[in-house]
Amino acid sequence: MAEGLLRHDAGDRFEVHSAGVKPSRVRPEAIQAMAEIGIDISGHWSKSVDEFLGQQFDVVITVCDNASETCPVFPGNTTRIHHSFTDPPAPGAADEATTLAVFRRVRDEIRTWLRQLAAQ
């Protein structure tokens with residue numbers, strides 16, 4: 001969701017990539033929550049951070065504690081920025097309405113934080 005939000009809200013100012021330390025599929029609840037605000041991430045896929053090793057980045061942003069703790073070090077003068085957001089329930093761990101509500105809340109929290117960050 002963070003990639004989709006940053007691309008949509010500030011993509012003309014940044015080159016945006018996203019990856020995970022444990023890539024999986026993009027959850028349908030994330031796709032739905034983003035579609036509700038007019039952002040289509042249905043074509044996104046979960047990439048491994050290993051795909052970007054050796055590349056230089058000005059800024060690396062992590063949005064979960066596990067990623068912050070296990071994200072590799074990138075070469076050069078990379079600024080690392082971390083903000084922890086709640087992980088939505090694992091598939092099947094909560095009913096659909098509860099899970100979607102968490103995705104919506106986290107989507108909005110990430111958007112607010114990214115907008116503040118981009119304004120700096």
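Per-structure values
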| read-out | value |
| --- | --- |
| Dipole magnitude (debye, nearest 20) for the chain, charges at Cβ of Lys, Arg, Asp, Glu | 80 |
| Order of I81, I41 - criterion: other Cβ atoms within 10 Å of each residue's Cβ, fewest first | I81, I41 |
| Under 5 Å, built H, 5+ apart or other chain: amide partners of T62 | I81, H82, H83 |
| Over region 8-89, volume per residue of the alpha carbon convex hull, in Å³ | 115 |
| Rg/Rh ratio calculated on Cα atoms of region 20-66 (Kirkwood radius) | 1.02 |
| Virtual spin-label span in nm between F57 and Q32, 7 Å along Cα→Cβ | 2.9 |
| For the chain, calculated [θ]222 nm from helices alone, where every DSSP H run of n ≥ 4 adds -39500 (n - 2.57) | -12000 deg cm²/dmol |
| Contour excess over end-to-end distance, with Cα ends at A118 and A97 and 0.36 nm allotted per residue | 4.4 nm |
| Extension reserve of the W45-H82 stretch, reckoned as 0.36 nm per residue once the Cα distance is removed | 11.1 nm |
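Each reported figure results from applying straightforward, stated rules to the coordinates on display, with no laboratory input. Keep in mind the model is a prediction, meaning the values are calculated, not measured. In this analysis, Cβ positions are derived from the backbone assuming ideal geometry, glycine residues included, and neighbour counts consider all displayed protein chains.
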